[in-house]
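The values are calculated or read from the model by the stated rules, or taken from the named source; none is laboratory data. Everything quoted here is computed from the prediction, not taken from an experiment. Cβ sites come from the backbone with ideal geometry, for glycine too, and all protein chains shown count toward neighbours. Just the protein is used for accessible areas: all its heavy atoms, side chains included, with ligands, DNA and RNA removed. Shrake-Rupley method; radii C 1.70, N 1.55, O 1.52, S 1.80 Å.
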Amino acid sequence: MFAASDVAAMSVLRALAEAGIDVPTTTAVIGYDDVTLAAHTSPALTTIRQDLAEGAALMVDRLMQRIAGNATGSAIVSPVLIERQSA
């Protein structure tokens, strides 16, 4: 299962545990955000990390360029897979 956030993925981990479903043997769970708590769940949550500081800097830069009347292009902040025990 891939959740849109680590918080949602942690809820999935709990629900699966309560249902007696083994993670990751039967079901893999992956979150998104890499919140600090993700490393401390049981099993530790595999997640996708995105550099928020880089993303914020790119957004501010693009905004300032647009305010100055310049055309701007798209920017991509590459995500990183943080492999832990849930997948």
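When SER5, SER78, SER86, SER42 are compared by accessible surface with a 1.4 Å probe, the order from highest to lowest is SER42, SER78, SER5, SER86. In the chain, a dipole from Cβ-located charges (positive for Lys and Arg, negative for Asp and Glu) runs towards its positive end, and of SER11, VAL23, PRO79 it is PRO79 whose Cα lies farthest in that direction. Considering only ARG49, ARG66, ARG14, the mean-square fluctuation computed in a Gaussian network model of the chain, springs between alpha carbons under 10 angstrom, is largest for ARG66.
Rolling a 1.4 angstrom probe over the stretch 1-69 with all protein chains present gives an accessible area of which 63% lies on carbon and sulfur atoms. Placing +1 on the Cβ of every Lys and Arg and -1 on the Cβ of every Asp and Glu, with nothing else charged, gives the chain a dipole about its Cα centre of roughly 200 debye.
Placing dummy labels 7 Å off each Cα toward the beta-carbon, the span from LEU58 to ILE82 is 1.9 nm. Calculated accessible area for the chain comes out at 66 Å² per residue, all protein chains present (probe 1.4 Å; ligands, DNA, RNA ignored). Using a Förster radius of 25 Å, what is the FRET efficiency between ARG49 and THR27 based on their Cβ-Cβ separation? Nearest 0.05, please. Efficiency, from the Cβ-Cβ distance: 0.70.
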